[in-house]
Amino acid sequence: MKKNKKPFIIGNWKMTPSSLDQAKKRFISIRKAALKHRNIEVGICPPSPYVFPLAQLAKKGKIKIGSQDVSVHSEGSHTGEIGASMFETSGAVMTLIGHSERRAAGDTDAIVATKISQALKTDMTIVLCVGESDRDDHGEYLNVIRKQLKEAINQLGRSQFAQLVIAYEPVWAIGRKDNVAITSHDLHQMVIFIKKFLKELWGETISSIVPVLYGGSVTAENAHDILWNGEVDGLLIGRASWEVESLSAIFDAIDVPRKTLQVKKKAKR
């Protein structure tokens, strides 16, 4: 996937809702809200059993469907596992890998790297989630991000970076009130850090094509500031993405073309 000119908003439904009927109703409502915003690209990662039926509904609209994870295995005697190619066959065009909740459940950097290698066998966009649990005054958390990135993408060939999206997901900010989650200034500094790391490792071209998203306590109140002043390419949204009114309000808050915003900034100078 090439770098998005439009903000890319991904909703992670986690383990909700409890029935396929509810999932379909929620999806249709979100699709209706998304259709009002041509300047936004939208993706939804529902629970695994809903990927195929929602992918069928997605054919009628602009929403991309993704999986919340993939197995380290492609096939075989692995009860309960779902391979990357299985998700792609079911209609998924992207997948989250390395989400903080999966890391908390035991996914090491090595496991994340293996899952990425499996997803690379498909054409799905890989949304690699990275983020520190705590922040310290000495900047050690930057080494955590650096290690997560290096081990995850060290295996990628230059042409494969077109499949990659990085989602910065500071664990300490998740669930906090939007006004104390993270400042747009701090977020922008992290985007610069990630881009600089990619440039040092792979060069300017790779650094410029890999989108960076933000995930962590995004609301309608802080979404505009985080997206535009934080200089990210999109948002990875959890709880607010399964509350249709909340997600619709976020769409409304951020639906300002980047070019228009830049013109307004120049006018103020």
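Restricting to the stretch 219-229, count the residues that are in a helix (DSSP H, G or I) and open to solvent by 50 Å² or more (accessible area, probe 1.4 Å). Show your work before the answer.
We begin by selecting, within the stretch 219-229, every residue in a helix (DSSP H, G or I); these are 223-229.
The next check asks that each one be open to solvent by 50 Å² or more (accessible area, probe 1.4 Å); those that pass are 224-225, 229.
Going through the stretch 219-229 one residue at a time, the tally reaches 3.
Taking the criterion of being modelled with pLDDT of 95 or more and part of a loop (DSSP other than H, G, I, E, B), would at least one residue in the stretch 43-52 satisfy it? Please lay out each step first, then the result.
Taking the stretch 43-52 as the starting set, the residues that turn out to be modelled with pLDDT of 95 or more are 43-52.
After this cut, where a residue has to be part of a loop (DSSP other than H, G, I, E, B) as well, the list is 46-47.
The answer is yes, given that some residue of the stretch 43-52 is modelled with pLDDT of 95 or more and part of a loop (DSSP other than H, G, I, E, B).
Just for the stretch 181-227: of the residues that are basic (Lys, Arg) and either touching a Ser or Thr at 6+ places or on another chain (Cβ under 6 Å) or in contact (Cβ under 8 Å) with a residue 60 or more places away in the chain (or both), which one is farthest from Ala240 (Cα to Cα)? Explain how you work it out, then say what you get.
Initially, the stretch 181-227 is screened for residues basic (Lys, Arg), giving 195-196, 199.
Next cut, either touching a Ser or Thr at 6+ places or on another chain (Cβ under 6 Å) or in contact (Cβ under 8 Å) with a residue 60 or more places away in the chain (or both) only: 195, 199.
Working: Lys195: 28, Lys199: 33 Å.
Looking at the filtered set, the residue picked out is Lys199.
Can you pull out the strands (runs of 3 or more DSSP E) entirely within the stretch 113-218 that have at least 3 residues that are β-branched (Val, Ile, Thr) and under 18 Å from the mean Cα position of the chain (by Cα)? Walk me through it before giving the result.
Values: elements: 125-130, 164-168, 212-214.
Strands (runs of 3 or more DSSP E) meeting the threshold: 125-130.
Can you go through Leu235, Leu247, Leu164 and tell me which one is within 23 Å of Ala113 (Cβ to Cβ), at pLDDT 95 or above and either touching a strand residue (DSSP E or B) at 6+ places or on another chain (Cβ under 6 Å) or crowded, with 18+ Cβ neighbours inside 10 Å (or both)?
Details: Leu235 fails: within 23 Å of Ala113 (Cβ to Cβ); Leu247 fails: within 23 Å of Ala113 (Cβ to Cβ).
Criteria check complete, one pass: Leu164.
Filter the stretch 121-139 down to the residues that are among the charged types (D, E, K, R) and in contact with a helix residue (DSSP H, G or I) (Cβ under 9 Å, 6 or more places away or on another chain) and list them by number. Reasoning before the result, please.
Here is the first cut: in the stretch 121-139, the ones among the charged types (D, E, K, R) are 121, 123, 132, 134-137.
Those that are among the charged types (D, E, K, R) and in contact with a helix residue (DSSP H, G or I) (Cβ under 9 Å, 6 or more places away or on another chain): Lys121, Asp123, Glu132, Asp134, Arg135.
For the stretch 146-160, which positions are in contact with a Phe, Trp or Tyr (Cβ under 7 Å, 6 or more places away or on another chain) and open to solvent by less than 20 Å² (accessible area, probe 1.4 Å)?
Once the filter is applied, which keeps residues that are in contact with a Phe, Trp or Tyr (Cβ under 7 Å, 6 or more places away or on another chain) and open to solvent by less than 20 Å² (accessible area, probe 1.4 Å), the stretch 146-160 yields only Leu149.
Does the stretch 10-21 contain any residue that is of a type in the set (A, V, I, L, M, F, W, C), in contact with a Lys or Arg (Cβ under 9 Å, 6 or more places away or on another chain) and crowded, with 19+ Cβ neighbours inside 10 Å?
yes
What's the number of the only condition in (1) farther than 27 Å from Ala113 by Cβ; (2) not in a helix (DSSP H, G or I) that Gln56 fails to meet?
(2)
Mind checking which residues of the stretch 73-86 are open to solvent by 10 Å² or more (accessible area, probe 1.4 Å) and under 28 Å from Lys147 (Cβ atoms)?
Residues of the stretch 73-86 open to solvent by 10 Å² or more (accessible area, probe 1.4 Å): 73-82, 85-86.
Within the stretch 73-86, His73, Ser74, His78, Glu81, Ile82 qualify.
Is it the case that some residue within the stretch 61-70 is more than 16 Å from Trp242 (Cβ to Cβ), open to solvent by 20 Å² or more (accessible area, probe 1.4 Å), hydrophobic (A, V, I, L, M, F, W, C) and in contact (Cβ under 8 Å) with a residue 12 or more places away in the chain?
Within the stretch 61-70, none of the residues are more than 16 Å from Trp242 (Cβ to Cβ), open to solvent by 20 Å² or more (accessible area, probe 1.4 Å), hydrophobic (A, V, I, L, M, F, W, C) and in contact (Cβ under 8 Å) with a residue 12 or more places away in the chain.
Of the numbered conditions (1) surrounded by 12 or more Cβ atoms within 10 Å (Cβ to Cβ); (2) more than 23 Å from Met86 (Cβ to Cβ), Asn143 satisfies every one except a single condition; which is it?
Answer for Asn143: the failing condition is (1).
Restricting the search to the stretch 102-136, which residues are surrounded by fewer than 22 Cβ atoms within 10 Å (Cβ to Cβ), of a type in the set (D, E, K, R) and at pLDDT 95 or above?
Once the filter is applied, which keeps residues that are surrounded by fewer than 22 Cβ atoms within 10 Å (Cβ to Cβ), of a type in the set (D, E, K, R) and at pLDDT 95 or above, the stretch 102-136 yields Arg102, Arg103, Asp107, Asp109, Lys121, Asp123.
The values are calculated or read from the model by the stated rules, or taken from the named source; none is laboratory data. Note that the coordinates shown come from a computational prediction; the quantities given were computed from them, not determined experimentally. FYI the Cβ positions are ideal-geometry reconstructions off the backbone, even for glycines, and counts take in every protein chain you see. Side chains are part of the model used for accessible areas, which takes the heavy atoms of the whole protein and leaves out ligands, DNA and RNA. Shrake-Rupley method; radii C 1.70, N 1.55, O 1.52, S 1.80 Å.
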